[in-house]
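Notes follow the structure.
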Amino acid sequence: MKSIRYCALLAVVALCNLVSISAQDRPNRGNFDPAQFRERMMARVRETMEVKDDGEWKLISDRVSKVMDAQRDVRQGGNMGMMFRRPQGDQNGGDGGNGGNRRRGGGGPGRFGGEPSPEAEALNKALESKASNDDVKAALAKYRESRKAKQEKLTKAQEDLKKVLSGRQEAAAVSMGLLD
């Protein structure tokens, strides 16, 4: 019996040491700074596009930022909050088992780093409240209209970026996912 306890204690100590070593290898893992991340990302874009001139980079970086922002808006359009939504009345009490807080659910604002659009929220609310078909159709039409406007904004931002890029830079932008 003592040897089992001793082995278990050794296993716990070994596990603690592994966790400690792992945490030391990644000291900033829990301190995510979006501004620093974006700065590194922009530096990587500049390097990949081989932009040496600061004036040229200013023009390009402004447009790259607009494309990135528009891409984020299109991605966050609200569908992530609804993708993993459990139907009302499921086995966990009808709210996905999380007290109405989608941040813990599997979707929603906290899960992928953004807030869903008001149109997505309205559509989600219509579905959750079992609104009439006409109300759901109206909310769906507004949601689709919002998504279409965001996609058009992205397309315009991408076109504006293309105008200032060389052929090589455009190819780099496509390979990085900035352009289609």
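The numbers here are math on the coordinates, done by the rules we state, and not lab data. Just so it is clear, the structure is predicted and the values come from calculations on it, not from any experiment. Cβ sites come from the backbone with ideal geometry, for glycine too, and all protein chains shown count toward neighbours.
Normalised by the number of residues in segment 117-180, what is the relative contact order in percent for Cα pairs under 8 Å and 6+ residues apart?
Computed over segment 117-180, the figure is 24 percent.
Taking other Cβ within 10 Å of each residue's Cβ, how do Asp53, Asp73 sort, fewest first?
Ascending number of Cβ neighbours within 10 Å: Asp53, Asp73.
For segment 117-180, what is Rg from Cα atoms divided by 2.2 N^0.38 Å, rounded to two decimals?
Rounded to two decimals, the normalised Rg is 1.66.
Arranged by the count of other C-beta atoms within 10 angstrom, fewest first, what order do Val174, Val51, Val74, Val64 take?
By the 10 Å Cβ count, ascending: Val174, Val74, Val51, Val64.
Could you pull out the pairs from Lys66/Lys137; Lys52/Lys156; Lys52/Lys163; Lys66/Lys162; Lys130/Lys153 whose alpha carbons sit more than 23 Å apart here?
Violating the 23 Å limit, Cα to Cα: Lys66/Lys137; Lys52/Lys156; Lys130/Lys153.
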